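The structure under discussion appears below in the form of structure tokens.
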Amino acid sequence: MPSALNPAATGQKPGSRFQGLSDRLRQIQHVALDMDGTIYCGSTVFPFTNPFLKLLSELNIDFTLLTNNSSRSVEDYIAHLRRMDIHVTADQLCTSAHLTIEFLKETTPKTRHIFLLGTDSMSSEIAAAGFTLATDSADDEPDAVLVGFDMGLTFSRLCRAAYWIKQGKLFIASHPDRVCPTDQPTVLVDCGSVCAALTEATGRKPDAVLGKPDPRMLREVLQRHELRPENLAMVGDRLYTDMVMAQRAGALSVLVLTGEATQAEAASHIPSLDLVVKDLAQFGEMLKAARNGG
Ligand SMILES: [Mg+2]
């Protein structure tokens, strides 16, 4: 049985909570899925993931995979997922790097030249989108500083980023995560931590932080597929990114307990989540039961 349902979110009285849940589930036409902790852990796919995706297809429900990790390009992700026997096309993926590019194009159309702290994959995506990349030189003045998940970060480039931020250049972060999950004996210092260092050094916070929990990622999914929020479920394992984004975008918030958040943490989350399930398999069974009139 579902372990949490917010009656207020269903418009139902608490006594009719399971009927309200079925009604909500029957409206779902699209499922947005977090990746790490939801469909796989590191490089190991969960045994229920592919059966769940097959069930979605049988139920005529589409899906999009979302990630805040801007170190890999969409093409990298397609290859990474293929190794787990998960076959997707580019339009079934949405990364924070993609969102950042769209944001720059829409809100700051004069931004053409970017100083980037990011991987070669992210550099390629930025360049392919029509931007030019500034070198590590005081003579190569950018329009904006963009911080991603830079796994090859150097002290010189960190200092150059701080210099341009101090000069008043636009300061954009692709996502807020302070660390990237890993099963290795290390801490993967992520975009949010590097931005915190830059804020300490310059006195400026990022002008915009894309990626989850910013609702733009789900709004992009809604636009791509011409859906209303009530047609969309957002499934993830993190409360402060996946679930907060779901709630901000008005999608059904579905927490899986296969990653970071625990049942106790989920129970104390405000506002309440729509649904907490053990894993994707349980959510799949509920979607199927709702379609069958359950
Ligand atoms: Mg996750």
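When ILE114, ILE101 are checked against the criterion of being assigned to a strand (DSSP E or B) and crowded, with 19+ Cβ neighbours inside 10 Å, ILE114 stands alone in meeting it.
The rows are residues; the columns are (1) outside any helix (DSSP H, G or I); (2) in contact (Cβ under 8 Å) with a residue 24 or more places away in the chain; (3) farther than 27 Å from VAL179 by Cβ.
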| position | (1), (2), (3) |
| --- | --- |
| ALA97 | no, yes, no |
| LYS105 | no, yes, yes |
| LYS110 | yes, yes, yes |
| MET122 | no, yes, no |
| GLU125 | no, yes, no |
| SER137 | yes, no, yes |
| LEU153 | yes, yes, no |
| ARG157 | no, yes, no |
| ALA162 | no, yes, no |
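Quick one: is THR262 in the same structural domain as TYR40 (by TED's automatic domain parsing), crowded, with 20+ Cβ neighbours inside 10 Å and of a type outside the set (A, V, I, L, M)? Criteria not met by THR262.
Of all the numbered requirements in (1) more than 16 Å from the ligand (Cβ to nearest atom); (2) assigned to a loop (DSSP other than H, G, I, E, B), GLU260 misses one, and that requirement is (1).
Listed by first and then second residue, the pairs with beta-carbon distance under 6 Å, at least 6 apart or on different chains, first residue in the stretch 195-211 and acidic (Asp, Glu), second modelled with pLDDT of 95 or more, are ASP207/LEU170; ASP207/PHE171. Within the stretch 224-235, being crowded, with 19+ Cβ neighbours inside 10 Å and either more than 14 Å from the ligand (Cβ to nearest atom) or more than 20 Å from ASP91 (Cβ to Cβ) (or both) holds for LEU232, ALA233.
Looking at SER71, is it at pLDDT below 95, within 24 Å of LYS278 (Cα to Cα), among the polar types (S, T, N, Q) and within 16 Å of the ligand (Cβ to nearest atom)? First the steps, then the outcome.
Numbers: at pLDDT below 95: yes; within 24 Å of LYS278 (Cα to Cα): no; among the polar types (S, T, N, Q): yes; within 16 Å of the ligand (Cβ to nearest atom): yes.
Judged against the criteria, SER71 is not a match.
The values are calculated or read from the model by the stated rules, or taken from the named source; none is laboratory data. These numbers were taken from a predicted model, which means no experiment stands behind them. Counting neighbours? That spans all protein chains shown, and the Cβs are built from the backbone with ideal geometry, glycine included.
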